[in-house]
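A short worksheet on the structure shown next.
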Amino acid sequence: IVATNPHSGASQYHAVDPAAVSDQRLVSPAVVLPTGENPVVLKFWHVPNLEVSGTTACFDGGILEVSTNGGGTWTQVPNASLLVGPYRGAVSTSFSNPLAGLQAWCGNSAYFQTVADISAYAGQTAQFRLRLGSDSSVTGPGWDIDDVLVQSCVADSMPFLDGFESNDMSAWSV
């Protein structure tokens, strides 16, 4: 948690984009998703200021994943479920990025919002993972993430309570 580029408040989560192969993961606490309140969405603001590959692809990239079995397996939230703020393009299969071939975010230098439809997981306990993969060359400024929340049609819930303002990451794992 840093205070260099928050979307709101005084701090945000920041992941570095090194000039080396890396697979970084920010894992949320478990969230019980409501039923009968569709749509259920995960919203967050972010700046994936990561190395691009041309105008529609990435060398380094960030993705959103979901698990409904306590982190045993993870599934990428597909572009079709991203109602706002879709992935930019595929991660290059060159230079050993662990996310090679996956759709990802990269190349943005200003905050934008992503809204993911997670209604398919309603009634389940889910965890969300924001994952940054980097390749073997070229560094970038990194990925800033802020104001993460789960929202449904009837009720709002903010399992991430304070948008990283308290600097308390005790329920998160990296």
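Derivation of every value follows stated rules applied to the coordinates shown; laboratory data play no part. Everything numeric here is computed off the predicted structure, so don't read it as measured data. Every residue, glycine among them, receives a Cβ derived from its backbone with ideal geometry; neighbour counts consider all protein chains shown.
The table below gives the values:
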| quantity | calculated |
| --- | --- |
| Whole-Å semi-axes of the ellipsoid equivalent to the stretch 1-104 (Cα gyration tensor, √5λ, descending) | 24, 18, 15 |
| Segment Ala171-Phe112, extension gain: residue separation times 0.36 nm, minus the distance between their alpha carbons | 18.7 nm |
| Hz values of 3J(HN,Hα) by residue in the stretch 5-18 - Karplus curve (6.51, -1.76, 1.60), Gly and Pro given as x | 7, x, 6, 8, x, 10, 8, 8, 8, 10, 10, 7, 10, x |
| Pairwise label distance in nanometres, Asn79 with Thr4, each label 7 Å out on the Cα-Cβ vector | 3.0 |
| Partnerless Cys - the chain, beta-carbon criterion under 4.7 Å | Cys153 |
| Cα-based shape type of the stretch 87-126, given that a ≥ b ≥ c are square roots of the gyration tensor eigenvalues and the cut on a/c is 1.5 | oblate |
| Note, ³J(HN,Hα) from phi for the stretch 114-124, Karplus 6.51, -1.76, 1.60, rounded to Hz, x at Gly and Pro | 10, 10, 10, 6, 10, 4, 4, 9, 3, x, 10 |
| Percent RCO, i.e. relative contact order, over the chain, from Cα pairs under 8 Å lying at least 6 residues apart | 40 |
| Answer label for Rg and Dmax of the Cα atoms in Å (calculated), chosen among (1) 39.2, 134; (2) 15.4, 47; (3) 18.8, 66 | (2) |
| Dipole moment magnitude, nearest 20 debye, the stretch 50-174 about Cα centre, only Lys, Arg, Asp, Glu C-beta charged | 440 |
